[in-house]
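All of the numbers you see were taken from the coordinates with simple rules; none came from a lab. Fair warning: this is a prediction, and the values are worked out from it, not measured in the lab. Please note: Cβ atoms are built from the backbone with ideal geometry, for glycine as well, and neighbour counts cover all protein chains shown.
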Amino acid sequence: METSELIKQAKLGNRSALNMLLQDNYKKLFGFVIKMTTDENVAEDITQETLLKAVLNINSYKCKSSFSTWLIQISINTYKDYLRKSKLVDPVEHIDETSSTDNLENNTITRIEYEKAIKELKSMPYKKRTAFILKHYYGYSLEEISILMGCPIGTVKSRINKCIEALRELVW
């Protein structure tokens, strides 16, 4: 069944159709949320809360954007609420990532650069990090990001450029 038909059936109360929609979009949603939150436990909580909100509000989905974009919008708002309630600043944690190169020296240099870049990205405010992730990991257009984040396109460009400049400084 196509996504549009699944949405139509889900809005009519078909639990199986809603379940298929959520399963089809789970990996993309969780991947985005874990990049946005930089914490696996928080990402699991935000993802579950997002899915619950989607189930409860399926009839409010207007089909103006893709279903996955709607889920991402819900997750962004859910994360904003989480930060506000927790009064937290985005955490900066170490991510253990291995490289497949055989040369130990190159592997070490690559790993150090990677860890610096990840640390820098994680240290940025979530609005900048989220805009960067949506653009460069998921390929959303500036217009789509503008809608998702509820800000002008110029602001989106500025946030993405500031991320790129900060990451570029690490490399040069």
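What to note about this one:
- Residue by residue, the range 4-9 carries 3J(HN,Hα) couplings of 4, 5, 4, 4, 4, 5 Hz when phi is fed to the Karplus relation 6.51 cos²θ - 1.76 cosθ + 1.60 (θ = phi - 60°); x denotes Gly or Pro.
- For the range 125-135, putting each phi into the Karplus relation 6.51 cos²θ - 1.76 cosθ + 1.60 with θ = phi - 60° gives couplings of x, 4, 5, 5, 4, 5, 4, 4, 5, 4, 6 Hz, in residue order, rounded to whole numbers and with x for Gly and Pro.
- In sequence order, calculated HN-Hα J values of the range 55-61 (Karplus, 6.51, -1.76, 1.60; Hz; x Gly/Pro): 5, 5, 10, 4, 6, 8, 5
- Lysines whose Cα lies under 30 Å from that of LYS116, excluding same-chain neighbours fewer than 8 positions away: LYS27, LYS28, LYS35, LYS80, LYS85, LYS87, LYS127, LYS128, LYS135, LYS157, LYS162
- Highest-first arrangement of 31-40, 133-142, where packing means the average Cβ count within 10 Å: 31-40, 133-142
- Enclosed volume per residue, in Å³, of the convex hull spanned by Cα atoms of the range 1-90: 88
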